[in-house]
Amino acid sequence: MGSQLYYLNVSVHLLAAMFWLGGMFFFAIVGAPALRRVDPPTLRAALFEQLGERFRTAGWIAIGLLLLTGTFNLWFRGMLSDDVLGRAGFWSTPFGRTLGWKLVAVTAMLAVSAVHDFALGPAASRHPPGSPEALRARRSAAVIARVNALLGVMVVLLAVRLARGG
Ligand code: HEM
């Protein structure tokens, strides 16, 4: 029974990671380039804004699920205790080291996502469609979105090591 719940928890963790990263890559490689060809600019801006807002909500739900199920992953592995995490030696074991790097990458990802979703993205929609300000904001949003995708890939690379002992 315990292991069934553990498998379920890891599966939800994986599905949330797929949704979040998959959505980001879909938007970058398929959605945004297609939207950029939409005319007139007011329609393009409205589509960008609506898709952005919907994905922002769904994306943060996925991030919430990742943090929750990630914490439970540690608990199911019997590691969510002071005896383990509080022991100085733990963070220099292969597992502890990889977990540490994963948590650093996750924290950076959270910060970058927040800047993209709550500052740069909305700024791109706030300015008049097609204006130089809107263009500039959209370029910065696109750059930071790439940084975020890169961080997401790093988190997955670290996660794969972590699941196999670090
Ligand atoms: C507080 C944050 C997180 C913690 C504590 C955490 C912890 C863990 C742990 C302990 C595992 C191993 C599960 C097992 O097999 O027993 C795992 C797997 C995994 N995590 Fe996380 N995680 C966190 C956030 C994330 C995020 C944000 C992503 C993706 C962007 C992610 C992606 C993955 C993936 C893809 C696996 C499966 C790797 C595999 O089975 O090869 N995790 N996580």
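Between the beta carbons of VAL30 and ARG126, assuming R0 = 41 Å, the FRET efficiency works out to 0.95 to the nearest 0.05. Quick check for you: which residues of the stretch 135-166 have the amide N under 11 Å from the point 7 Å beyond the Cα of ARG97 toward its beta carbon? Backbone N within reach: 166.
Starting from 0.36 nm per residue, how many nanometres of slack lie between LEU68 and TYR6 once their C-alpha separation is accounted for?
Details: separation 62, 0.36 × 62 = 22.32 nm, distance 1.29 nm.
Result for the pair: 21.0 nm of gain on full extension.
Orientation-averaged projection of the stretch 1-142 equals 10.2 nm² [convex hull of Cα atoms, one quarter of hull surface area]. The gain in end-to-end length when the VAL147 to LEU85 segment is fully stretched comes to 19.4 nm, 0.36 nm per residue minus the alpha carbon separation.
Solvent exposure of the stretch 1-134 amounts to 61 Å² per residue of accessible area, where only protein heavy atoms count and the probe is 1.4 Å. Annotation for the stretch 1-59 versus the stretch 98-161: alpha-carbon center distance of 13 Å.
At 222 nm, what helix-only mean residue ellipticity would the chain give, in deg cm²/dmol to the nearest 500, using -39500 (n - 2.57) for each DSSP H run of four or more?
On the way: 7 runs with 129 residues, N = 166.
The helix contribution divided over the chain gives -26500 deg cm²/dmol.
Extension gain, ALA119-THR107: 0.36 nm per intervening residue step, less the Cα-Cα distance, totals 2.6 nm.
Compute the semi-axes of the equivalent ellipsoid of the stretch 47-106, taking the square root of 5 times each eigenvalue of the Cα gyration tensor, and list them largest first in whole Å. Display every interim value, and only then the final one.
Details: eigenvalues 219, 32, 9 Å².
Gyration-tensor ellipsoid for the stretch 47-106: 33, 13, 7 Å.
3J(HN,Hα) couplings calculated from phi for the stretch 151-166 with the Karplus curve 6.51 cos²θ - 1.76 cosθ + 1.60 (θ = phi - 60°) are, in sequence order, 4, x, 5, 4, 4, 5, 4, 5, 4, 4, 5, 4, 5, 10, x, x Hz; Gly and Pro show x.
For the stretch 128-166, which trypsin sites (Lys or Arg not before Pro) are in a loop by DSSP, counting at most 12 other Cβ atoms within 10 Å? Those that pass, being in a loop and sparsely packed, are ARG164. Per-peptide packing, taken as the mean over residues of other Cβ atoms within 10 Å, places 88-97, 6-15 in the sequence 6-15, 88-97 from highest down. Across the stretch 9-154, C-alpha contacts under 8 Å between residues 6 or more apart give a mean separation that, scaled by the residue count, equals a relative contact order of 27 percent.
The values are calculated or read from the model by the stated rules, or taken from the named source; none is laboratory data. Owing to the predicted nature of the structure, the values given are computational and were not obtained by experimental measurement. We place every Cβ from the backbone using ideal geometry, glycine too, and count neighbours over all the protein chains shown. The accessibility values were calculated without ligands, DNA or RNA, using every heavy atom of the protein model including side chains. Shrake-Rupley method; radii C 1.70, N 1.55, O 1.52, S 1.80 Å.
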